[in-house]
Amino acid sequence: MGQTLKENLKLLIVESAINDLYENGISGASMRKIAKDANMTVGNLYRYFTNKDELVKYIIEPVMNKISLVLLKNTNQSLDLSNSEFDIHNMTYDDFIKTFDDISKELCHLYSEHKKVFIIVLKSQTINDLFLNWCVEVIYRYMIYRLEDIDISDEKMKQLSRMYAVSLFAGIIDLFLDNKLNDDELEDVLKIYFRTIISMVNLDFRMVEV
């Protein structure tokens, strides 16, 4: 009975924390408010989670892991959130489009299943910075591969990679944070957006020596 009660209390804490984090972001969330909404004292809350960082990690880590699994599944186990070395050798343009179509579909499913936590992740500046730097590296490696026969400096490629990544990530955040679409519409828009970015990058490659 005691173990069941303990798990029920932990569930109440997590549900309360998700609501607070969703409404106020990670920086604005309060352990005192989380405890109040879970109908317990702050001292009792700290018996389950020693600080807010531990509680936030407990909530967002499963979704972050699922995002990594989506990436691994669709990139022949070569790309996840801890690794930017996407193996794109021998991939055609159509292969690349299909890869990101599949990633779009599964990301939208994750969003649908874990909407509040997904939004919490997107609202976190720390996580956003990690995502952005990761995205810069992925695009940079793609550009190195695509531009290996074109005379362009490494500095230019790094700058272009960051510009593309900033645009891509800003669009994705805006799409999910202000989403008013149904699941199918959301998936279609994300696919179109990825395809537009990929097409734009490839068009720029053909213009790079102009």
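Data for the structure
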| quantity | calculated |
| --- | --- |
| Filtered residues of the range 79-98 (kept if open to solvent by 70 Å² or more (accessible area, probe 1.4 Å) and not in a helix (DSSP H, G or I)) | S82, E85, D87, H89, N90, T92 |
| Count - residues of the range 99-158 that are open to solvent by less than 50 Å² (accessible area, probe 1.4 Å), part of a helix (DSSP H, G or I), farther than 18 Å from I198 by Cα and polar (S, T, N, Q) | 1 |
| Hits in the range 89-123 - residues which are under 19 Å from L168 (Cα atoms) and either touching a Pro at 6+ places or on another chain (Cβ under 6 Å) or at pLDDT below 90 (or both) | Y93, F96, K123 |
| Check on I192, within 19 Å of the chain's Cα centre (by Cα) and open to solvent by 80 Å² or more (accessible area, probe 1.4 Å) | yes |
| Out of I60, I34, I26, sole residue that is farther than 27 Å from S82 by Cα and part of a helix (DSSP H, G or I) | I34 |
| Check on I198, buried (at least 16 other Cβ atoms within 10 Å of the Cβ), under 30 Å from I18 (Cα atoms) and of a type outside the set (S, T, N, Q) | no |
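The values are calculated or read from the model by the stated rules, or taken from the named source; none is laboratory data. Since the model is a prediction, treat every value here as computed from it, not as a measurement. Glycine gets a Cβ as well: all are built from the backbone with ideal geometry, and neighbour counts include every protein chain shown. Just the protein is used for accessible areas: all its heavy atoms, side chains included, with ligands, DNA and RNA removed. Shrake-Rupley method; radii C 1.70, N 1.55, O 1.52, S 1.80 Å.
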